[in-house]
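For reference, the structure discussed in these notes is given below.
The values are calculated or read from the model by the stated rules, or taken from the named source; none is laboratory data. Note that the coordinates shown come from a computational prediction; the quantities given were computed from them, not determined experimentally. Glycine also receives a Cβ, built like all others from the backbone with ideal geometry; neighbour counts cover every protein chain displayed.
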Amino acid sequence: MSEPLLKLNGLDAHYGDFQALFGVDLELAKGEVIAIIGANGAGKTTLMRSISGLLRNAAQQVQFNGHPIGALRADQVAYAGIALVPEGRQLFPSLSVEENLRLGSTVGRAGPWSLDAVYDLFPILKERRNQPSTSLSGGQQQMVAIGRALMSNPDLILFDEISLGLAPVIIKSIYEALPNIISGGMTAMIVEQDITKALAVSSRVYCLQEGRVSLTGRVEDITRDQITAAYFGVD
Ligand code: ATP
């Protein structure tokens with residue numbers, strides 16, 4: 001692998017006295033899509049929060065574009081080129097769809113993603129652009145969250161629980177949009193409960209179990225039995 005875009009070096013994460021991640025090593029090349037899987041509480045969200053600066057770590061434990069970013073704040077990480085689509089969307093309820101989308105562009109990075117490009121990707125958002133974000137369905141709100149992340153023109157996009165709680169028809173349209181997002185050279189990390197969906201769009205997978213990487217490899221080299229064992233911790 002050439003110099004990775006993202007490199008985690010023995011990443012630890014704590015909530016007070018509780019340790020949620022233990023020495024996670026991970027590399028992600030530019031243009032790659034990887035899946036992060038694992039049971040509830042395995043540490044997937046904590047991993048995303050650590051990379052995106054919502055949890056602070058030792059600087060060297062997270063390297064992006066060759067720079068240590070583990071100790072940066074979330075806004076600094078966003079300026080560096082990492083965008084998070086958080087679990088639960090986290091839109092601003094008092095703002096319209098378009099105002100929520102525009103928040104992404106306050107980072108001020110140049111790139112292919114604009115309001116028009118997001119509206120091309122998810123045409124329903126253009127129809128609803130002046131409505132409060134709370135008036136949208138959960139799936140449409142997820143589209144806003146993805147659009148807002150794209151509007152920052154990141155080099156790396158992190159999807160946390162991309163389809164959790166959404167109707168199958170919406171999940172389908174989000175997964176149909178993914179290749180369009182990735183084809184422009186975007187690098188992505190996908191946390192997903194639906195392992196089949198995650199593996200279908202990813203080249204490599206990392207499975208977390210109780211805060212540790214229990215399995216990693218190329219999707220085509222890994223069997224279902226290995227995933228089940230890594231996921232549930234059975235031998
Ligand atoms: P899920 O699929 O349920 O979202 P996850 O794999 O994303 O799970 P995390 O949310 O990262 O897991 O949680 C990892 C561990 O850290 C769990 O044991 C969880 O209880 C704990 N944890 C998460 N957030 C906090 C917090 N704010 N304070 C204390 N412990 C936390």
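Within region 197-214, being part of a strand (DSSP E or B) and either polar (S, T, N, Q) or farther than 20 Å from F159 by Cβ (or both) holds for Q209, R212, S214. Restricting region 55-72 to residues that are within 14 Å of the ligand (Cβ to nearest atom) and either under 13 Å from A20 (Cβ atoms) or at pLDDT 95 or above (or both), which is surrounded by the fewest Cβ atoms within 10 Å (Cβ to Cβ)? Applying the filter and picking the extreme gives L55. Looking only at residues of region 142-173 that are over 20 Å from R49 (Cβ atoms), of a type outside the set (A, V, I, L, M, F, W, C) and in a helix (DSSP H, G or I), we find that the one that is nearest to the chain's Cα centre (by Cα) is G147.
Taking the options I170, I157, name whichever one is in contact (Cβ under 8 Å) with a residue 24 or more places away in the chain and closer than 17 Å to V33 by Cβ.
On the way: I170 fails: closer than 17 Å to V33 by Cβ.
Going through I170, I157 in turn, just one is in contact (Cβ under 8 Å) with a residue 24 or more places away in the chain and closer than 17 Å to V33 by Cβ: I157.
Per the conditions (1) touching a Leu at 6+ places or on another chain (Cβ under 8 Å); (2) free of Cβ contacts under 8 Å to residues at least 40 places away in the same chain; (3) within 14 Å of the ligand (Cβ to nearest atom), the sole criterion not satisfied by F18 is (1). In this structure, G16 does not qualify as more than 23 Å from S152 (Cα to Cα) and buried (at least 20 other Cβ atoms within 10 Å of the Cβ). In region 167-203, how many are within 16 Å of the ligand (Cβ to nearest atom) and either more than 26 Å from G81 (Cβ to Cβ) or out of contact with any Asp or Glu (no Cβ under 6 Å at 6 or more places or on another chain) (or both)? Selection size over region 167-203: 7. Of the numbered criteria (1) within 16 Å of the ligand (Cβ to nearest atom); (2) farther than 30 Å from G233 by Cβ; (3) under 12 Å from the mean Cα position of the chain (by Cα), the one A83 fails is (1).
Quick one: is K197 under 21 Å from D221 (Cβ atoms) and among the basic types (K, R)? Considered against the rule, which asks whether it is under 21 Å from D221 (Cβ atoms) and among the basic types (K, R), K197 comes out as yes.
Residue by residue through region 215-235, note down the ones that are small (G, A, S), surrounded by fewer than 17 Cβ atoms within 10 Å (Cβ to Cβ) and assigned to a helix (DSSP H, G or I).
Going residue by residue through region 215-235, those that are small (G, A, S) are 217, 229-230, 233.
The next check asks that each one be surrounded by fewer than 17 Cβ atoms within 10 Å (Cβ to Cβ); those that pass are 217, 229, 233.
Passing the criteria: only A229.
Residues of region 29-44 being within 7 Å of the ligand (Cβ to nearest atom), part of a loop (DSSP other than H, G, I, E, B) and under 19 Å from N9 (Cα atoms), which ones? Of everything in region 29-44, those that are within 7 Å of the ligand (Cβ to nearest atom), part of a loop (DSSP other than H, G, I, E, B) and under 19 Å from N9 (Cα atoms) turn out to be A42, G43.
No other residue among L47, L26, L8 is touching a residue at least 12 places away in the same chain (Cβ under 8 Å) and within 12 Å of the ligand (Cβ to nearest atom) apart from L47.
Residues are listed down the side, and each one gets a yes or a no for (1) crowded, with 22+ Cβ neighbours inside 10 Å; (2) aromatic (F, W, Y); (3) under 25 Å from S183 (Cβ atoms); (4) within 16 Å of the ligand (Cβ to nearest atom):
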residue: E127; (1), (2), (3), (4): no, no, yes, no
residue: P132; (1), (2), (3), (4): no, no, no, no
residue: S137; (1), (2), (3), (4): no, no, no, no
residue: M143; (1), (2), (3), (4): yes, no, yes, no
residue: G147; (1), (2), (3), (4): yes, no, yes, no
residue: P154; (1), (2), (3), (4): yes, no, yes, no
residue: I157; (1), (2), (3), (4): yes, no, yes, no
residue: D160; (1), (2), (3), (4): yes, no, yes, yes
residue: G165; (1), (2), (3), (4): no, no, no, yes
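I'd like to check something: does region 102-111 contain any residue that is more than 26 Å from L6 (Cα to Cα) and either at pLDDT 95 or above or of a type outside the set (F, W, Y) (or both)?
Of all residues in region 102-111, those more than 26 Å from L6 (Cα to Cα) come to 102.
Still in the running and either at pLDDT 95 or above or of a type outside the set (F, W, Y) (or both): 102.
Yes, region 102-111 has at least one match.
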